[in-house]
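A short write-up of the structure that comes next.
The numbers here are math on the coordinates, done by the rules we state, and not lab data. Since we're looking at a predicted model, the values are computed, not measured. Cβ coordinates were reconstructed from backbone atoms using ideal geometry, including for glycine residues, and neighbour counts include every protein chain displayed.
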Amino acid sequence: MRIAVYPGSFDPCTNGHLDIIDRSSKLFDKVIVAVLTNSSKSPTFTVDERINLLKTAVCGYNNVEICSFSGLLVDFLRKTGATVVIKGIRAVSDFEYEFQMALTNKALYPAVETLFLHATSEYMFLSSSVVKEVARYGGSLKGLVPENLIPIINNRCSNIVDNKL
Ligand code: PNS
């Protein structure tokens, strides 16, 4: 069985993330979307909230699982039997950091391969931070996140202070 892991903060998930999940689900038998619990960033949404948002957004797929992980990604890969990591790349500016992580993961676990999927052009500008900033100042999230997540994200982001974006 070909299993891939798509790791990230997903704080919150965006249509860009969901596009990567959709395309990965067609390439692998199983895709595990793994939400990092011990990020050095201080997240806006709790891990449970981020998992619930993802579960709501990807409920139509029978080969996509959502879960959380802590510690090193390679340890999570070993546990799940996955050897492929999916990463979305929006621009050249993403590449340097992602390349460094891919090489680090390879050094720690030589069986791992990182697969970079380019962002679909309509989502190249999109990030979780952009979503939170638009929501924070009352802009429309239509087209940026699934419609059924908009009220939940708006509700949380309207209450956050500027330095928590
Ligand atoms: O959505 P993000 O914040 O860009 O995701 C980053 C993530 C979760 C993929 C990355 O921070 C990660 O894999 N963290 C786990 C710790 C680890 O294994 N780091 C790689 C070696 S430096």
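Around Leu27, under 14 Å between beta carbons, what's the net of Lys plus Arg minus Asp minus Glu among the other residues? Neighbourhood net charge equals +1.
Think of it as helices only: each DSSP H run of n ≥ 4 in the chain is worth -39500 (n - 2.57), and spread over all residues that comes to -11500 deg cm²/dmol at 222 nm.
Can you give the angle from 0 to 90° between the axis of helix 92-108 and the longest principal axis of the chain, with both taken from C-alpha atoms, to the nearest 10? With both axes taken from Cα atoms, the answer is about 40 degrees. Note on the chain: GNM, Cα springs under 10 Å; of Leu54, Leu27, Leu149, the largest mean-square fluctuation is that of Leu27.
A straight line joining the Cα centroids of region 2-74 and region 113-146 runs 15 Å. Any chance you could give the angle, 0 to 90 degrees and rounded to 10, that helix 15-25 forms with the longest Cα principal axis of the chain? So the helix axis and the longest Cα principal axis differ by about 30 degrees.
Take every pair of alpha-carbon atoms less than 8 Å apart whose residues are at least six positions apart; their mean separation over the length of the chain yields a relative contact order of 28 percent. Residues in region 66-71 carry Karplus couplings, in order, of 10, 8, 10, 8, 10, x Hz; the curve used is 6.51 cos²θ - 1.76 cosθ + 1.60 with θ = phi - 60°, and Gly or Pro positions show x. Between Glu133 and Arg23, residue separation times 0.36 nm minus the direct Cα-Cα distance comes to 36.9 nm. Amide H contacts of His118 (H built 1.01 Å from N, in plane; Pro and chain starts excluded): Ile89 sit under 5 Å, all sequence-distant by 5 or more or on other chains. Rounded, prolate or oblate: which one fits region 36-165, using the alpha carbon gyration tensor with axes a ≥ b ≥ c (rounded when a/c is under 1.5, else prolate when a/b beats b/c, else oblate)? It is prolate, given that a/c is not under 1.5 and a/b is the larger ratio.
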